[in-house]
Amino acid sequence: MSSSSTITDQITWPLRLAREGDAAALETLIPLSVRALQAPYYSQAQMEAALGPVFGVDRQLIRDGTYFIAEQDGAIVGCGGWSRRRSHYGGDSGREGEDGLLDPQRDAARVRAFFVHPAWARRGIGRNIMAACERAIIESGFRSVDIVATLAGEPLYASFGYAVVESYDIATVNGLSLPVVRMTKSMERRV
Ligand SMILES: CC(C)(COP(=O)(O)OP(=O)(O)OC[C@H]1O[C@@H](n2cnc3c(N)ncnc32)[C@H](O)[C@@H]1OP(=O)(O)O)[C@@H](O)C(=O)NCCC(=O)NCCS
């Protein structure tokens, strides 16, 4: 569908799984997304401190085949994924050792690292990636999902029925902190 469609909220974005070779493009996209779309919620200093350690590429998600990409005319315009591993956030660059696997019977799957290009915000990319994540999470046998969401991400996840269960600050460099919310949702089928 053409990007000039006036029914932007009905666009269904074709998604593909991310490949290792996408990492450089993702490293370009993430700061663009953060600096524009998080600006109403965080100070410039907070965003700069979080870029890298908190907002960065997690190659483990790419290797696991749980990270989705939306493209427009060959350029990546959005990304996001889910995880069967313990980390709630953060790029892999600062991680020491392997990110341990979760148990689908006992643990909540994670939803991770959604970043949309500011020129393509609010056109349903986040929603399409989220729907793909939830489908894959259910197929993988998880019964609940845990998200540590930015204040910019909270409305997207709330629109999928996630509830805030905790608000806290992630400590970043220079004594700064980033307020986030932990959101959860049960994936058990209601009968
Ligand atoms: C959060 C983010 C991924 C949303 O992506 P998006 O493609 O713009 O979201 P969508 O267009 O799919 O929005 C789906 C729904 O989420 C909600 N939503 C998304 N952005 C919103 C906003 N800024 N304000 C209010 N509601 C919003 C709305 O209910 C929206 O539906 P609607 O447009 O029909 O009202 C994007 O804003 C982003 O990249 N932010 C910066 C990085 C970040 O903080 N990511 C979250 C990490 S946890």
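Bear in mind these aren't lab numbers, they're just calculated from the coordinates by the rules spelled out. As the structure is a prediction and not an experimental result, all values here were calculated from the model. Virtual Cβ from ideal backbone geometry, glycine too; neighbours counted across all protein chains shown.
For residue 119, indicate whether it is outside any strand (DSSP E or B), over 20 Å from residue 62 (Cβ atoms), hydrophobic (A, V, I, L, M, F, W, C) and out of contact with any Gly (no Cβ under 7 Å at 6 or more places or on another chain). So residue 119 passes the test.
Does region 76-92 include one or more residues that are out of contact with any Leu (no Cβ under 8 Å at 6 or more places or on another chain), more than 13 Å from residue 18 (Cα to Cα), touching a residue at least 60 places away in the same chain (Cβ under 8 Å) and not in a strand (DSSP E or B)? Scanning region 76-92, I find at least one residue that is out of contact with any Leu (no Cβ under 8 Å at 6 or more places or on another chain), more than 13 Å from residue 18 (Cα to Cα), touching a residue at least 60 places away in the same chain (Cβ under 8 Å) and not in a strand (DSSP E or B), so the answer is yes. Within region 132-159, residues that are more than 14 Å from residue 186 (Cα to Cα) reach no partner that is part of a strand (DSSP E or B) and away from the ligand (no atom under 16 Å from the Cβ) with beta carbons closer than 7 Å at six or more positions or on different chains.
Do we find that residue 95 is buried (at least 20 other Cβ atoms within 10 Å of the Cβ) and assigned to a loop (DSSP other than H, G, I, E, B) in this structure? When the stated conditions are applied, residue 95 does not pass them. Among the residues that make up region 98-116, is at least one of them within 12 Å of the ligand (Cβ to nearest atom) and either free of Cβ contacts under 8 Å to residues at least 12 places away in the same chain or in a loop (DSSP other than H, G, I, E, B) (or both)? No, every residue in region 98-116 fails to be within 12 Å of the ligand (Cβ to nearest atom) and either free of Cβ contacts under 8 Å to residues at least 12 places away in the same chain or in a loop (DSSP other than H, G, I, E, B) (or both). The conditions of being in contact with a strand residue (DSSP E or B) (Cβ under 9 Å, 6 or more places away or on another chain) and not β-branched (Val, Ile, Thr) are not met by residue 124.
Within region 18-67, being farther than 18 Å from residue 150 by Cβ, of a type outside the set (Ser, Thr, Tyr) and touching a residue at least 60 places away in the same chain (Cβ under 8 Å) holds for one residue alone: 18.
Considered as a group, the residues in region 135-172 that are within 13 Å of the ligand (Cβ to nearest atom) and in a helix (DSSP H, G or I) include one that is farthest from residue 36 (Cα to Cα), and that residue is 158.
Of all the listed residues (57, 34), the sole one being within 14 Å of the ligand (Cβ to nearest atom), assigned to a helix (DSSP H, G or I) and closer than 26 Å to residue 99 by Cα is 34. Only one of 130, 183 is within 15 Å of the ligand (Cβ to nearest atom), assigned to a strand (DSSP E or B) and in contact with a Phe, Trp or Tyr (Cβ under 9 Å, 6 or more places away or on another chain); which? Just a single option satisfies the conditions, and that option is 183.
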